Amino acid sequence: MAGAGAVRAVRNRIRSVQNASKVTKAMELVAASKMRRAQERALSSRPYAERMRAVLAHLSGYAARGDADATHPLLQQRAVKHFAFIHITADRGLAGGLNSNMNRAGATLALEQQPHVERVSALPVGRKGRDFFRRSGFPLLAEFTAIGDFPGMAVVLPIARIVIDDYSAGRVDRVFLGYQRFVNTALQRPTFRQLLPVTAPEGAGGAKPLDFIFEPAPEQLLQMLLPRYVEMQIFEALLDAAASEQSARMVAMRQATDAANDMVQDLTLTYNKARQELVTSELLDIVGGKAALEQQ
């Protein structure tokens, strides 16, 4: 009976793993469908973001000749006492090491900054990052969750408003933006870059101020463009993070499905061996019983 129980246990295990394989396969297909759209949105936003950086570079070249740094608070440089960073993660798991890698990178950034400033705060976007910093008792500026698979400007605006207002009021002295940058389907890279104060992108020093005539003046354009620039940086980061999440989830579910199929094959082999041993044992019992009756 023990042998029969072991065979039933293996058979039940095979069914359980097969059911899990069906679930992970379905999740892989859903993630693949969402991934294509998320990747298209992330990649299509990059030309606009790059053009905005180029425009800001030219405007900074002009403004550097005037007094724009004194007129717009988002350009003002000051001693850093309060360091803050936006930390973008997913709301859900089952995406391999995506969230843990991002949380580890955020914790590393915070530890690097703590010896040099009076206070470090996080603004988590996504439940996984929020839960990570809550468990560690880390101070939070604000928190945003349930941003959806395809975030829009409705998600970006309140985040941008918080960091812009806090920086303009002097409550925060430097803001970084952290997210998973989408490289390709198999590679997502934790990335941090400075968001505030706004600095001219690399190459601004090579801008030629005499090539353009701006209307209105560069200083007035900066007043209008700098908040949009901050919003666009956050929006681009959210799109990259969404594409990274779906890509990582698709790869993780594919690996889980493959592992489940391999386990089913191993369990099937074990089941067949156990079943053969059980049949052999029963045959031996029958033969032994028949031999005993014949001797009587």
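First measure r as the distance between the Cβ atoms of residue 108 and residue 281, then evaluate 1/(1 + (r/R0)^6) with R0 = 51 Å and state the FRET efficiency to the nearest 0.05. Write down the numbers at each step before the final one.
Details: r = 59 Å, r/R0 = 1.16.
Given R0 = 51 Å and the Cβ-Cβ separation, E is 0.30.
Would you mind checking which residues have amide H under 5 Å from residue 121's amide H? H placed 1.01 Å from N; only 5 or more apart, or other chain.
Distant-sequence amide H within range of residue 121: 83, 84, 85.
Return the FRET efficiency for the residue pair residue 266, residue 92: r is the Cβ-Cβ distance, R0 is 35 Å, and the value is rounded to the nearest 0.05.
Values: r = 30 Å, r/R0 = 0.85.
So the FRET efficiency works out to roughly 0.75.
Roughly how many nanometres apart are two label points built 7 Å out from the Cα toward the Cβ at residue 186 and residue 33?
2.6 nm
Show me, for the range 135-145, the HN-Hα J-couplings you get by feeding each phi into the Karplus relation (A = 6.51, B = -1.76, C = 1.60, θ = phi - 60°), rounded to Hz, glycine and proline as x.
Running phi through 6.51 cos²θ - 1.76 cosθ + 1.60 with θ = phi - 60° gives 4, 8, x, 6, x, 10, 6, 6, 8, 9, 10 Hz.
Run the dipole for the range 123-166 about the Cα centre, Lys and Arg Cβ at +1, Asp and Glu Cβ at -1, nothing else charged, and hand back the magnitude in debye, nearest 20.
For the range 123-166, the charge dipole is close to 200 debye.
Ranked from highest to lowest mean number of other Cβ atoms within 10 Å per residue, what is the order of the peptides 136-147, 73-84, 175-186?
Numbers: 136-147: 14.8, 73-84: 16.3, 175-186: 20.2.
So the order, starting with the most tightly packed, is 175-186, 73-84, 136-147.
Which whole-angstrom value gives the distance between the alpha carbon centres of the range 125-203 and the range 240-266?
The range 125-203 and the range 240-266 have Cα centres spaced 27 Å from each other.
What is the distance, in nm, between label points placed 7 Å from the Cα along the Cα-to-Cβ direction at residue 46 and at residue 119?
About 3.8 nm separates the two model spin labels.
Each value in this text was obtained by applying a stated rule to the coordinates, not by laboratory testing. Owing to the predicted nature of the structure, the values given are computational and were not obtained by experimental measurement. When we count neighbours, we look across all protein chains shown, and the Cβ atoms used for this are built from the backbone with ideal geometry, even at glycine.
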